[in-house]
Amino acid sequence: MAEKIIMFFRYYVPRFLCPNLSFRISRPSNRHYHKLNHNDTQTQVSVKQKPSSFITDTEIQSEFSHHAPGIARINNGSFGCCPASVISSLHQWQLKLLRQPDDFYLNELPNGILESRTVIKDLINADDVEEVSIVDNVSTAVAIVLKQTAWSFVEGKFDKGDAVIMFRCTYGAVKNSIKAYFLRAGGYAIEVPFNFPVTSNEEIVNEFKTALRREKGIGRRVRLAVIDHVTCMPSFVMPVKELVKICKEEGVEQVLVDAAHAVGCVDVDMNEIRADFYTGNLYKWFFCPPAVAFLYCRKSVMTHLDLHHPVVSHDYGNGLVKETGWVGTRDYSPYLVLPSVMEFVNRFEGGAEGIRNRNHDAVVEMGKMLAEAWGTNLGCPPEMCSSMVMVGLPACLGVLSDEDAMKLWELLCKKFSVEVKIHYQNPKDGELAPITGYVRICHQIYNKFEDYCRLRDAINQLVRDGFNCGNLEIMRPEEVGPTNDR
Amino acid sequence: MASSPDHHLNGDPKTHISKKPKLSPTFITAAEIAAEFSHHDPNVARINNGSFGSCPASVIEAQQRWQLKYLAQPDHFYFNELKKGIHQSRTIIKELINADHVDEVSIVDNATTAAAIVLQQTAWGFSERKFDKGDAVVMLHYAYGAVKKSIEAYVTRAGGYVIEVPLPFPLKSNDEIIAEFKKALERGKANGRRVRLAVIDHITSMPCVVIPVEELVKICREEGVDQIFVDAAHSIGCTDVDMKRIGADYYTSNLHKWFFCPPSIAFLYCRKSPKCPELHHPVVSHEYGNGLAIESAWIGTRDYSPQLVVPSVLEFINRFEGGIEGIKKRNHETVVEMGQMLAKAWGTHLGCPPEMCASMIMIGLPACLGILSEKDTHKLRTHLREKFGVEVPIYFRPPKNGEVESINGYCRISHQVYNKVDDYYKFRDAINQLVSEGFTCAQLSS
């Protein structure tokens, strides 16, 4: 009870009562969200902040006032969010394009993309802006990397049966891309299992090492490793730095880190992680509109690999950066708002890092609150969480399949106005009364304590009502979306 | 301002939007048209609709409503609105282009993407040994530069042999095109080669002419070409587009050029045929293997709003007398008239007969301007934009052997509903001024 009172105070009572809270009351800052004049560019992540002008809670609510009211939106991980000031910047860019497209594409677009790439380069601590290409989304980046492996098979650089290694929880669309390119061209896929709930980085690392060494032991050449930074479902933070190190030690030629969630959610440092390829979406946790992402390619790798955007245009052969900067007539405005996003992010205390830390702390707190309320557990230790955490659902709800998970998701959405993803976890052999259903809760700056209370109460009500997924009717097939949505 | 009903935003499965324009005399007025395009830069004579198209304010508004709908609750939008909306757009397009079945219609970002989709499967054909190394792909010399690069990236790289069909310019008749095409096919079949794919423009970009695609497709069928891909980037809203009449295997056109959609949206039509192999979108996502139309409708998180406004665009078009047919006809007549006016004013000539034009036309520029290279065309274009406020692309035509004092520079003017006769006068006067000043491209810095 005391904990509940404290949490109530933390989220509802003005900050002067709780000095440890994230957002301070401040006078509204002058808003200047977007510089259309490319001469005064903001190319550096601002580190200096004025304490007296941090964004206020009211301003935050106003920035997200376009979110559907009455929904507990605790699934930021799937589609992200975009504040009103960035949407406004987006529209300004769109109107600029429509006003005089020839001039825009020739004279504005290249500069705008370079500005955005420079912002990203600083965010991820890359050495050189030439290592950073902007693409629509991680799915596109993955296609770029995998296509060059397909050509390697076709052109005889790789032999039939050479392998790609990935974890079993690799995102479904990425597995499809591996099938469409790597496997179709003659490759072989190694899937590394792991236990969930996860208990430590060591167990993940050991599973990976074991699988890798076993395959090498039977003479398999491992050409590519695809490793998540933050897994989708079930969600936790992978020890990427260690995994990349092992790959290099064991002679894996190329390492692609699928970091769809990472930027804005965990620390992202190319010099620390040292992967060959690293791709992340910016519309999930970095306040960009749909859709913009980046593909980082280490310089040393670019010199001997032939990477191309699959949509071939005038700049084919001029390097990936140029190729991705023009993929035919498009509305490139999502690519251009990075400076405006930086302005937004820097209105928060501690900027992007401050937001990340507070999201992490809040989601862990909420996760523990829910686990306690339901008598269940978290899916991983807090230090392996990002801004998302898996929380076990009471076993009596009977989540016994992916279909059950979808049914429960739909029920929570339609009956309780809670938007949250549900994960079905296969029980381990011999486990008694295991927890097989997990929710993935997210915390982003627009979330409120009551969002999580609503989820807590909804589940408690279902338990009280004796609800079981087996009782729900089968949904029509068209209502069942991809089971492994981000 | 145009009315903007919300019925299509409420998930109303109105799959048959009337193609018929209004009969009663409440057609859009000149003042309303001007208002619809008031976001265009008023200082620019925008006579280059062909490059990047145009989008009226009422459609932009509809697009922003879709964007906000998504942002309000993206999960709900993804599961309940997106598929329906895309299906509705596809259904409208299917009717517009006289396709047999909506399954034949996929929506993609642009014709460049469509080309990559078709050519990727050709590349697999070579890589998976369905085709022999050296089998041919035929394309026009005037194929769009990006498409030529795509052919290089997929066909040449995979072992295919590329044949370019040379075409004269200026052109006098369709017969010239047909004759050259037939010759190229012969070359393609030489030494026991198979011609696996013919890539044919419907309307070439630069220089711009309407190609007799129906006849060329017929010749391809007679000569045993495996697959025919028509790159019709400009066509829809510009010339007649009838899949059954044209008879190609694949046909793509941008809707953001001449069909008033915002950037960017195109369709790729794939004839339903047991011989046609499975095509895939290069950006692989959850829907891989469910057919191209379904794959293309979800290529990861994106802003799909340009693909969802097709019903709003049709409403806009039907405010014009004769609907899209009326717009096409008037654009054609006006651009020919303006072309003839300019040719007369400059003492030059058109690049092809009026019947080989659609809503764009090529006009020779006075030889004294000294357009002697492609670089000169870029310089002159920039000069016209910056000094005279005229936006128009220029084409360099290399002189043939023995030609003396030929016209080597041609401009491509477009006409769309927002254009005014003053736009063309501004251009006429700019060129006349350059001539009277003794201007040559050599005077411009690189």
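The values are calculated or read from the model by the stated rules, or taken from the named source; none is laboratory data. Everything numeric in this text was worked out from a predicted model, so none of it was measured. Using ideal geometry, Cβ is built from the backbone for each residue, glycine included, and neighbour counts are taken over all protein chains shown. For accessibility, only protein heavy atoms count, side chains too; no ligands or nucleic acids. Shrake-Rupley method; radii C 1.70, N 1.55, O 1.52, S 1.80 Å.
With the highest mean first, a sort of the peptides A:211-219, B:193-201 on other beta-carbon atoms found within 10 angstrom per residue produces B:193-201, A:211-219. Rolling a 1.4 angstrom probe over the protein heavy atoms with all chains in place gives segment B:323-443 an accessible area of 43 Å² per residue.
Which pairs break 19 Å Cα to Cα here: B:K244/B:K272; A:K175/A:K322; A:K121/A:K209? From B:K244/B:K272; A:K175/A:K322; A:K121/A:K209, over 19 Å: A:K175/A:K322; A:K121/A:K209. Please name which of A:Y181, A:L462, A:F286 has its Cα lying farthest along the dipole of chain A towards the positive end, using unit charges on Cβ (Lys, Arg +1; Asp, Glu -1) and the Cα centre as origin. Comparing the listed Cα positions along the dipole, A:L462 ranks first. Which value in deg cm²/dmol, rounded to the nearest 500, describes the helix-derived mean residue ellipticity at 222 nm for the protein assembly as shown, given -39,500 (n - 2.57) per DSSP H run of n ≥ 4 and division by the residue count? Value at 222 nm, helices only: -11500 deg cm²/dmol.
Once both labels are positioned 7 Å from their Cα atoms along Cα-to-Cβ, the gap between B:V435 and B:A190 label points is 4.4 nm.
Only protein heavy atoms count here; under a 1.4 Å probe, B:S54 has an accessible surface of about 10 Å². For chain A, the fraction of C-alpha pairs more than 32 angstrom apart is 44%.
Separation of segment B:72-147 and segment B:403-427, taken as the distance between their Cα centroids, equals 33 angstrom.
Taking amide H atoms as placed 1.01 Å from N in the peptide plane, the amide H of B:V209 lies under 5 Å from those of B:T204, each 5 or more residues away in sequence or on another chain.
I need the Kirkwood Rh of segment B:37-137: take the reciprocal of the average 1/r across all distinct C-alpha pairs and report it in angstrom. Kirkwood hydrodynamic radius for segment B:37-137: 17.7 Å.
Given a 1.4 angstrom probe, what's the average accessible area per residue across segment A:103-345, in square angstrom?
29 Å²
Annotation: amide H-H contacts under 5 Å for A:V135 (H modelled 1.01 Å from N, sequence separation of 5 or more, or interchain): A:A293, A:F294, A:L295. Peptide B:109-120 has a mean shielding of 4, counted as Cβ atoms of other protein chains within 10 Å of each residue's Cβ. Note on segment B:77-314: with charges restricted to the Cβ of Lys and Arg (+1) and Asp and Glu (-1), its dipole about the Cα centre is near 380 debye. In the protein assembly as shown, taking the dipole from charged Cβ atoms about the Cα centre, the farthest positive-side position among B:F439, A:T231, A:I55 is held by B:F439. Convex hull volume of the Cα atoms of segment A:103-345, normalised per residue: 118 Å³.
Panel note: contact residues of segment A:269-291 (accessible area lowered by at least 30 Å² against the chain on its own; 1.4 Å probe) correspond to A:P290. A dipole drawn for segment B:77-314 from +1 and -1 charges on Cβ atoms has a positive end, and of B:V217, B:T113, B:A198 the residue lying farthest that way is B:A198. If the limit is 30 Å between Cα atoms, which of B:K94/B:K426; A:K216/A:K241; B:K69/B:K257; B:K133/B:K379; A:K160/A:K284 go over it? Listed pairs above 30 Å: B:K94/B:K426; B:K133/B:K379; A:K160/A:K284.
Ranked by the mean number of other Cβ atoms within 10 Å per residue, highest first, peptides A:277-290, B:160-173, B:208-221 order as A:277-290, B:208-221, B:160-173. Taking all protein chains into account, the per residue accessible area for segment B:77-314 stands at 30 Å² (1.4 Å probe). Heavy-atom accessible area, probed at 1.4 angstrom with all protein chains present, ranks B:K375, B:K344, A:K147, A:K121 as B:K344, B:K375, A:K121, A:K147, highest first. By the Cα gyration tensor, the protein assembly as shown has an equivalent ellipsoid whose semi-axes, rounded to whole angstrom, run 50, 32, 27 from largest to smallest. Within the accessible area of segment B:323-443, the carbon and sulfur atoms contribute 52%, probe 1.4 Å, all protein chains present. Estimated at 0.36 nm per residue, the fully extended path between A:R99 and A:N377 surpasses their Cα-Cα distance by 94.6 nm. Both numbers refer to the Cα atoms of segment A:351-465; Rg and Dmax are 14.1, 47 Å. Averaging sequence separations of C-alpha pairs under 8 Å and six or more residues apart, then dividing by the length of chain B, give the relative contact order as a whole percent. Computed over chain B, the figure is 21 percent.
A loss of 20 Å² or more of accessible area (1.4 Å probe, protein heavy atoms, ligands and nucleic acids excluded) relative to the isolated chain is seen in these residues of segment B:292-318: B:T301, B:R302, B:D303. Would you list which lysines come within 18 Å of A:K407, measuring only between C-alpha atoms, while excluding same-chain residues fewer than 8 positions from it? Straight-distance partners of A:K407: A:K415, A:K421.
Taking every C-alpha pair closer than 8 Å and separated by at least 6 residues, the mean separation divided by the residue count of chain A gives a relative contact order of 20 percent.
Using all pairs of distinct alpha-carbon atoms, the Kirkwood hydrodynamic radius of segment B:249-365 works out to 17.5 angstrom. Taking GluC sites (Glu not before Pro) across segment B:344-446, the ones in a DSSP loop with at most 14 further Cβ atoms lying within 10 angstrom of their Cβ are B:E403, B:E405, B:E437. Considering segment B:323-443, its Cα convex hull presents a mean projected area of 7.7 nm². Using θ = phi - 60° in the Karplus curve 6.51 cos²θ - 1.76 cosθ + 1.60, the 3J(HN,Hα) couplings for segment A:161-178 round to x, 4, 10, 10, 10, 8, 7, 4, 8, 3, 4, x, 5, 5, 4, 4, 5, 4 Hz; x is entered for Gly and Pro.
Look at the stretch A:324-333: the mean tally of other chain Cβ atoms within 10 Å of its residues' Cβ atoms is 6. Kirkwood radius and radius of gyration were both taken over the C-alpha atoms of segment B:77-314, and their ratio Rg/Rh is 0.96. What the Cβ-Cβ distance of B:K400 and A:T303 gives, at R0 = 51 Å and to the nearest 0.05, is a FRET efficiency of 0.70. This model, with +1 at the C-beta of Lys and Arg and -1 at the C-beta of Asp and Glu, gives the protein assembly as shown a dipole about its Cα centre of some 240 debye.
Taking every protein chain into account, the 1.4 Å probe leaves A:E155 with about 80 Å² of accessible area, to the nearest ten.
Interface of B with A. Using a 1.4 Å probe and counting protein heavy atoms only, the two chains hide about 5900 Å² of accessible surface, both sides summed.
Using Cα centres only, tell me the gap between segment B:222-237 and segment B:344-358 in whole Å. Answer, in whole Å: 26. Using a Gaussian network model of chain B in which every pair of alpha carbons under 10 angstrom is joined by a spring, one finds that among B:D422, B:D132, B:D100 the greatest mean-square fluctuation is at B:D422. Taken about its Cα centre, segment A:103-345 carries a charge dipole of about 1020 debye when Lys and Arg each add +1 at the Cβ and Asp and Glu each add -1 at the Cβ. Only Cα pairs under 8 Å and 6+ residues apart enter the sum, and on that basis the relative contact order of segment A:287-331 stands at 25 percent. In segment B:260-291, burial by the other protein chains removes 20 Å² or more of 1.4 Å probe accessible surface, compared with the chain on its own, from B:P263, B:S264, B:P282, B:V283, B:V284, B:S285, B:H286, B:Y288. Please state the shape class of chain B: rounded when a/c is under 1.5, otherwise prolate if a/b exceeds b/c and oblate if not, all from the C-alpha gyration tensor. Note, shape of chain B comes out oblate. Which of the three applies to segment B:105-176, rounded, prolate or oblate, going by the alpha-carbon gyration tensor with a ≥ b ≥ c and a/c under 1.5 meaning rounded? In terms of gyration-tensor shape, oblate.
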